[in-house]
Amino acid sequence: MKDFKTLKNIYKQTPRPMGIYRIKNRSSGKIYIGKATDLNGKLNSEKFQLRNNMHMNKELQGDFNAMGEEEFTFEVLDRLQPKEDPHYDYGYDLQTLEVIWLEKLQPFGSKGYHKKKP
């Protein structure tokens, strides 16, 4: 049996699912798009922030408070495949993928919780 330290190192070296996610308001159809190097961790963080009235997006937070969690879905839209290089920086890839999804879904104004950048 492997000791705790070995198991911890194996866990740290295991690539996490990364990519683009969406939070959707079922009532209005408004959406929030985000990116993450650890999708499971980020979605848990988003839910925690919303449940505890701590989310940075005040409009999303207000709707969540008014309508309740059951009116929102949390889903993964796209995943990045891990590279063979364990030191690869996925920042640029995630940023590019996020821009593609923002352009595709246009979550601005009445369609979403994002502010259009000038």
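Quick note: the coordinates plus some simple rules give every number you see, no bench work behind them. Quick caveat, the model's predicted, so the values are computed rather than measured. When we count neighbours, we look across all protein chains shown, and the Cβ atoms used for this are built from the backbone with ideal geometry, even at glycine.
If R0 is 22 Å, what FRET efficiency do you get for Phe74 and Lys104 from their C-beta distance, rounded to 0.05? Walk me through the numbers before you get to the answer.
Working: r = 19 Å, r/R0 = 0.85.
After rounding, the FRET efficiency stands at 0.70.
Note down the net charge around Tyr113, summing +1 for each Lys or Arg and -1 for each Asp or Glu among other residues with Cβ under 11 Å from its Cβ. It works out to a net charge of +4. Among the listed pairs Lys2/Lys47; Lys2/Lys35; Lys58/Lys83; Lys2/Lys24; Lys5/Lys83; Lys5/Lys58, a Cα-Cα separation exceeding 32 Å is found for Lys2/Lys47; Lys2/Lys35; Lys58/Lys83; Lys2/Lys24; Lys5/Lys58.
Starting from the Cα-Cα distance between Ser27 and Lys115, subtract it from 0.36 nm times their residue separation and give me the gain in nm to one decimal. Walk me through the intermediate numbers first.
Details: separation 88, 0.36 × 88 = 31.68 nm, distance 2.01 nm.
Net length gain for the segment: 29.7 nm.
Using +1 at the C-beta of Lys and Arg and -1 at the C-beta of Asp and Glu, which of Ile100, Met56, Gly34 has the Cα lying farthest in the positive direction of the dipole of the chain? My answer, from the dipole projection, is Met56.
What helices in the chain pass both tests, a Cα length along the helix axis of 20 Å or more and a mean Kyte hydropathy of -0.5 or higher, using whole DSSP H runs? List each step's numbers first, then the result.
Working: long enough: 91-105 (21 Å, 0.18).
Flagged H segments are 91-105.
The calculated FRET efficiency for the pair His87 and Lys5, based on their C-beta separation and a Förster distance of 30 Å, comes to about 0.85.
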